[in-house]
1. Output the number of the condition that Asp128 fails; it satisfies all remaining conditions of (1) out of contact with any strand residue (DSSP E or B) (no Cβ under 9 Å at 6 or more places or on another chain); (2) open to solvent by less than 30 Å² (accessible area, probe 1.4 Å); (3) on the phi < 0 side of the Ramachandran plot.
2. Name the pairs whose Cβ atoms lie under 7 Å apart, with the first residue in the stretch 211-232 and under 14 Å from Asn195 (Cα atoms), the second acidic (Asp, Glu) and exposed (fewer than 14 other Cβ atoms within 10 Å of the Cβ), and 6 or more positions between them or separate chains?
3. Take the residues in the stretch 324-365 that are touching a helix residue (DSSP H, G or I) at 6+ places or on another chain (Cβ under 6 Å) and over 19 Å from Glu280 (Cα atoms), then tell me which one is surrounded by the most Cβ atoms within 10 Å (Cβ to Cβ).
4. Run down Glu550, Glu505 and say which single residue is modelled with pLDDT of 85 or more and open to solvent by 40 Å² or more (accessible area, probe 1.4 Å).
5. Can you tell me which residue among Gly545, Gly535, Gly465, Gly522 is more than 60 Å from the chain's Cα centre (by Cα) and loosely packed, with under 15 Cβ neighbours inside 10 Å?
6. Kindly evaluate Ile409 against the criterion of being modelled with pLDDT of 70 or more and open to solvent by less than 50 Å² (accessible area, probe 1.4 Å).
7. Of Asp558, Asp534, which residue is of a type outside the set (A, V, I, L, M, F, W, C) and modelled with pLDDT of 85 or more?
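The values are calculated or read from the model by the stated rules, or taken from the named source; none is laboratory data. These numbers were taken from a predicted model, which means no experiment stands behind them. Note that each Cβ is placed from the backbone with ideal geometry, even for glycine, and that neighbours are counted across all protein chains shown. Side chains included, ligands, DNA and RNA excluded: accessible areas come from the protein's heavy atoms. Shrake-Rupley method; radii C 1.70, N 1.55, O 1.52, S 1.80 Å.
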Amino acid sequence: MTARAISFKSRLGWSIAAAVFAAIVAIELIILIPSYNHRSEDLYRQLETIGFAQVVALLNASHGRTDPSNLDTALGGISKRSSLRGAAIYNPDGSLVAKIGEVPKMDIPVNYSGHIMRTKSGDGSRYDICWGPDHIGLPYIFVARLDSTGIGEELKAYTFRILLLILLIGGATTAILMLFLNRRVIGPILQLRSNLVAAGNDPMHPELYKLDFQRSDEIGEVAASFDRMVSQFSAMLAKLSRRENELKKSEMRFRRMFDASHDSIFLVDVENNAIVDANEKSRVMLGYSSEELRDVSISDIHPEEMKQLQSFANEVKERGISRTEDLTCRTKSGEFIPVEITATPMEIDNRKCMLVLAHDIRDRIKAERTLISAKELAERANDAKSTFLANASHELRTPLNAILGFSEILKSEMFGDLGSGRYRDYSGDIHSSATHLLALVNDLLDLSKIESGGYRLEETAVDVGELAQRMIRMLKSQAEPAGVELLSEIAADFPLIYADLHMIEQIVVNLVSNSIRFSRKGGQVTVSIKLAGDGDVLLHVRDTGHGIPEDDILKIADPFYQVESADKFTHPGTGLGLSIVKSLVQLHGGSLAIESELGRGTSVTARLPARRIIPPRAVGTPPV
């Protein structure tokens, strides 16, 4: 429907038309009243003129100028064709002289001055007029009654013509104005209203209701502003639609993650302990349907731990931080399930809530119990092993010492010549093998003591520099036959440390012996002792041997572990040396670090904490 068609049904258009028409009528009426009065006066003046002429004619015809008594006859002759309906003649003193026809009802004043007097009847059909002697040229006062019926009819016709003209002018003017307003004002306004209503009924597609008026006046500016508003609203709507879609996707992703979680997730209203929302896992764990869970409170799930849970919830709410605690949940069937509860405070829709993650820890508790049982079993087995090693090693040392003693006697032929030289060689082999076996037994005893916790530090002031030099001199007898050169880099004034002397000696001997055993002929083993940047003591043994594969470095200090190498059988070992060294260093609060590169050699560093260094004048003071 076009704006023009709509405008003829417009309340605004009809209001404007009514106002314009009323204004035009009011203006014309204002103009008509003086015009009506002037017209009325003109008609009465004409009636007076005609009446005066008839009176003069009457007087002349009846010789009334000399005898007014003859007026009746003359009046009867002209009354049917004139407006004169009657008359009265008075002397100047007011006495009646004669009367004819309808006698006028006009009182003559006593002191009449001769001026013209006029009166009208109530219904406007009669008009009485008085002429003095000066007007009619006789010594009488002449009062005539004129028929004014025609004047009333003429005025009615005149009024009707004027009113009709007013209506025609008003209607035409209003119509022309309405056509103009319809085209230039009302039509565009109604179109704007129509588009606004349509856009309100269809808010998702406002761009369909642009006006696109090509005008430079105020209506055009309003239309352009409306179109800009629609464009901006469309852009905002598109942005909101994208956001809404993103929020829906985000909510769907969250809901999928929420329901796909392996943990039970609850959203709890802190004020009334009601469950606001819960994921599928929680419903499965507790055995409730979605509808049933809406009527379940926290007190139904944790009936025996409400005080603990209330305290837990209050702390989470007051401190505003997440907390974790182990509790039990009661299912719909009445079964109690151990769970780990993690609660995080949050505010949703102006409600204080907690996001609660409940993890079923039945498997964890079972695994912990299994682990504890396994640990206890392993500890018992380890104790049994250590006891066995200690007992077996103790039982082996006695016969080994006897074998060593007797093989030494045979080898030295203490009680006489053995005869064949092969006996001496055999005695030497027996002595060497027993010595190796005794060393293995001693290592096993040390390892057993360490693992059982039976090793105790006997700490004293140790000159670690002098101790290292002494061990190097002792081990030269092992290095020289192997063609390995022993070097030292130890400061003469290195401070004393508070440590177990025997353990430090064992650490140095084991590290240097390992380096000699796995070094090539012509290789070097360097022993250095220095202070680290943080004050720790570094006992460093570096060789130029075969090196250790990278995969074996982390396992090389494990008990009985040996690196597969070409010299494995040339330099057999027990695989306990580095393990014992590591344990002894740890007993001193230190650590062991191993660095190696195949074909380049190995570097082992025993780090002892700085607190073991004895300051000057404090010898004998144990470390803190």
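1. The number of the failed condition is (1).
2. The qualifying pairs are Asp227/Asp212.
3. Among those that are touching a helix residue (DSSP H, G or I) at 6+ places or on another chain (Cβ under 6 Å) and over 19 Å from Glu280 (Cα atoms), it is Pro345.
4. That would be Glu505, the only listed residue that is modelled with pLDDT of 85 or more and open to solvent by 40 Å² or more (accessible area, probe 1.4 Å).
5. Values: Gly545 fails: loosely packed, with under 15 Cβ neighbours inside 10 Å; Gly535 fails: more than 60 Å from the chain's Cα centre (by Cα); Gly465 fails: loosely packed, with under 15 Cβ neighbours inside 10 Å.
Of Gly545, Gly535, Gly465, Gly522, the one residue that is more than 60 Å from the chain's Cα centre (by Cα) and loosely packed, with under 15 Cβ neighbours inside 10 Å is Gly522.
6. Yes, satisfied.
7. Of Asp558, Asp534, the one residue that is of a type outside the set (A, V, I, L, M, F, W, C) and modelled with pLDDT of 85 or more is Asp534.
This table checks each residue for (1) part of a strand (DSSP E or B); (2) at pLDDT 75 or above; (3) out of contact with any Lys or Arg (no Cβ under 6 Å at 6 or more places or on another chain).
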{"position": "Ser311", "(1), (2), (3)": "no, no, yes"}
{"position": "Glu315", "(1), (2), (3)": "no, no, yes"}
{"position": "Glu325", "(1), (2), (3)": "yes, yes, yes"}
{"position": "Glu376", "(1), (2), (3)": "no, yes, yes"}
{"position": "Lys385", "(1), (2), (3)": "no, no, yes"}
